[in-house]
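See structure below.
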Amino acid sequence: MAKRLSEILWEENQDIAQSCLNHPFVQGIASGALEREKFNWYVGQDYFYLHAFAKAFCLATVKTPDAEGMRAFHKLAGGALGEMKLHKGFEETLAAEVEKVIPSKATRMYTDFLLATAWSSDAGLIAAATTPCNRLYAWLGQNLKGHLDDESNPYIDWILMYSSDSFEELAKETERLVDLYALDDENTRSVYRYAMICEYEFFDAAWEYSPPEAEL
């Protein structure tokens, strides 16, 4: 049985996926040892990103050629808005400030690419640009949950969210839309891989973040 395009794209980008899993930022979430300031900065950046992510799905809803695609992209936009609720919850539990965000270079690199693709491309390319986020995070969450042995981990809600069955369904839905609408060509491969690179850069920027020194 021939592999689906979404499977091929994911397999072709396993090098980046593994680099994300092994990144000290992600491993810090897994162990719970990640500095709180780095995680809170990341949460704010991701909250900013999710606005663009949801808008990309909304634009795909307009561009999709049939009612099936409209329903699917609408559902995915709702999933992105649901993720934003998790991030808002970190304001209470971890004192994150998700509304007061100055987007970093890595964040802008990702959101500008995502929105440019959504405005200028068809539903297939939008699916290819958005699938890496959902599939990577589901895969990371499932990997981290499999090694989670400390229920007091301050980032357990993040791990449980992305390892959940409901989030896996969102990942499968974006992959299904790739298989329905995307062309098996170099443009699709380029868009998918660039999104994966943006994911790695996103984690790397969060790891490199240093909180500003308090004024005396």
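The values are calculated or read from the model by the stated rules, or taken from the named source; none is laboratory data. Computed from a prediction, not measured in an experiment: that's the story for all the values here. Cβ placement follows ideal geometry from the backbone for every residue including glycine, while neighbour counts extend to all protein chains displayed. The protein model used for the area step is the full one, side chains on, heavy atoms only, and it has no ligands, DNA or RNA in it. Shrake-Rupley method; radii C 1.70, N 1.55, O 1.52, S 1.80 Å.
Taking 158, 10, 119, 207 and ordering them by how much accessible surface each has at a 1.4 Å probe, largest first, produces 119, 207, 10, 158.
How far is helix 186-208 tilted off the main Cα axis of the chain, in degrees rounded to 10, range 0 to 90? The answer is roughly 0 degrees. Structural descriptor for the chain: relative contact order 32 percent, calculated from alpha carbon pairs under 8 angstrom and at least 6 residues apart.
In the full protein context, the chain carries 48 Å² of accessible surface per residue, based on a 1.4 Å probe and ignoring ligands, DNA and RNA.
Only aspartates and glutamates eight or more places from residue 63 in sequence, or on another chain, were considered; those with a Cα closer than 15 Å are 122.
Here the chain exposes an accessible surface that is 54 percent carbon and sulfur, computed with a 1.4 Å probe and the other protein chains kept in place.
In this rough spin-label picture, where each label sits 7 Å from Cα along the Cβ direction, the residue 142-residue 62 distance is 3.4 nm. With respect to the chain, whose longest principal axis is taken over its alpha-carbon atoms, helix 67-94 is tilted by about 0°. The Cα center of segment 109-129 and the Cα center of segment 136-199 differ in position by 17 Å.
Sequence-distant contacts, meaning Cα pairs under 8 Å at least 6 residues apart, place the relative contact order of segment 1-123 at 33 percent. Were the residues from residue 3 through residue 27 laid out at 0.36 nm apart, the gain over their Cα-Cα distance would be 5.5 nm.
Here r is the Cβ-Cβ distance between residue 116 and residue 157 and R0 is 45 Å; the resulting FRET efficiency, rounded to 0.05, is 0.90.
In the structure shown, the pairs 38/75; 105/172; 100/172; 55/105; 55/172; 3/55 are assessed against 22 Å; a Cα-Cα span above that value is assigned to 38/75; 105/172; 100/172; 3/55. Spacing of the modelled spin labels on residue 166 and residue 179, each 7 Å from Cα toward Cβ, amounts to 2.4 nm.
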